[in-house]
1. Under 8 Å for C-alpha pairs, at least 6 residues apart: give me the relative contact order for the chain, rounded to a whole percent.
2. Out of all DSSP beta bridges with both ends in the chain, state the antiparallel percent to the nearest 5.
3. How big is the range 8-83 by the Kirkwood estimate over distinct Cα pairs, in Å?
4. Once the other residues with Cβ under 14 Å from the Cβ of Ala123 are scored (Lys, Arg +1; Asp, Glu -1), what is the net sum?
5. Which ³J(HN,Hα) values, rounded to whole Hz and listed in residue order, are derived for the range 9-14 from phi using the Karplus coefficients 6.51, -1.76 and 1.60 in 6.51 cos²θ - 1.76 cosθ + 1.60 with θ = phi - 60°, glycine and proline given as x?
6. Which net charge results when you count Lys and Arg as +1 and Asp and Glu as -1 among the other residues whose beta-carbon is under 15 Å from that of Gln59?
7. Considering just Cα atoms, how many Å³ per residue does the convex hull of the range 36-153 enclose?
8. In whole angstrom, how far apart do the alpha carbon centroids of the range 1-66 and the range 130-151 sit?
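Derivation of every value follows stated rules applied to the coordinates shown; laboratory data play no part. Please read all numbers here as calculations on a predicted model, not as lab measurements. Backbone-built Cβ (ideal geometry, glycine too); neighbour counts: all protein chains shown.
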Amino acid sequence: MERTFVILKPCTVQRGLIGEIINRFEKKGLILAGMKMAWLTDEILSEHYAHLKDKPFFQRVKDSMRTSPVVVCCWEGVEAVEVVRSMTGSTNGRKALPGTIRGDYSMSMQENIVHTSDSLETAAVELKRFFNEAELYTYNPVRWSNLYANDEI
Ligand code: ADP
């Protein structure tokens with residue numbers, strides 16, 4: 001079963017939207033494998049956003065991610081990375097399609113509610129960066145058979 005990594009950003013925590021966003025992933029049928037609050041450091045954010053290090057907004061994005069604790073979580077399901085990424089919507093909240101998380105809750109390029117892994121490889125690296133192995137749980141939700149056909153899992 002595939003696992004992906006999600007951060008509920010400070011804007012989400014501050015706006016009281018944690019429950020609504022978690023609810024979307026749960027309703028979709030993704031299984032929560034791990035979740036915790038964390039106050040991120042500049043060091044871990046420099047790693048996490050290393051692909052943006054030459055952008056003029058690099059420090060601003062990192063600072064914004066440290067204005068409050070965030071919620072980090074791991075969601076599990078068939079093709080979970082792609083499913084969560086398509087639920088996320090495009091980076092700019094003003095351009096993201098209605099029905100996506102960013103499209104429904106964000107007016108901003110930066111304050112865009114969630115980080116979600118963009119590939120299976122990235123998800124593995126990010127999960128390792130933010131979680132210990134003991135913090136990720138494997139269990140059998142009773143509803144597997146309501147979520148998938150036998151040949152899908
Ligand atoms: P995504 O989060 O959609 O995968 P990126 O990895 O390109 O997008 O960027 C990481 C985060 O950096 C974005 O979610 C957003 O918060 C911020 N960001 C990206 N581009 C800009 C920009 N031009 N101005 C301000 N913030 C930006």
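1. 34
2. On the way: 17 of 18 bridges.
In the chain, approximately 95 percent of DSSP beta bridges are antiparallel ones.
3. 13.7
4. With Lys, Arg at +1 and Asp, Glu at -1, the net is -3.
5. Those phi angles translate into 5, x, 4, 6, 5, 5 Hz.
6. Residues close to Gln59 contribute a combined charge of 0.
7. 132
8. Between the Cα centres of the range 1-66 and the range 130-151 lies a distance of 21 Å.
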